[in-house]
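The values are calculated or read from the model by the stated rules, or taken from the named source; none is laboratory data. Note that the coordinates shown come from a computational prediction; the quantities given were computed from them, not determined experimentally. Because the Cβ atoms are built from the backbone with ideal geometry, glycine has one as well, and the counts that use them run over all protein chains shown. When the accessible area is computed, the model is the full protein with side chains, heavy atoms only, and any ligands, DNA or RNA have been set aside. Shrake-Rupley method; radii C 1.70, N 1.55, O 1.52, S 1.80 Å.
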Amino acid sequence: MRKGKKRVKLGKFERLIYTFAIVLAISAPITIVFSKATLSQINFQVEKQKKEISEQTKTNQSLSMKINELASLDKIQEVAKDQGLSYNNDNIKTVE
């Protein structure tokens, strides 16, 4: 008789479980790294969009101030005077 290690034969189910465990051990870190990289890329895009929104908000505020300035009574009277229009109080009618 031969003394030595006996080789244990694995069944199909056990082999499947070991294979699954090895695949899981290899793919889990790869998946984690890939998801972190994707998250980082999305965060960069979010920050870029926030910056663009901030710049657009400043532009909108500036344009709003310009509109208010151009719509002021003094500016309207100035443009009317430049165009040759005059203010005639006799032509104003009040409707009640």
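Table for the structure above
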read-out	value
Qualifying positions in segment 78-96 - surrounded by 10 or more Cβ atoms within 10 Å (Cβ to Cβ), assigned to a helix (DSSP H, G or I) and not acidic (Asp, Glu)	Val79, Ala80, Lys81
Criterion (of a type in the set (Lys, Arg) and either on the phi > 0 side of the Ramachandran plot or open to solvent by less than 100 Å² (accessible area, probe 1.4 Å) (or both)) met by exactly one of Lys75, Lys50	Lys75
Ile17 vs. criteria modelled with pLDDT of 95 or more, of a type in the set (Val, Ile, Thr) and assigned to a helix (DSSP H, G or I)	no
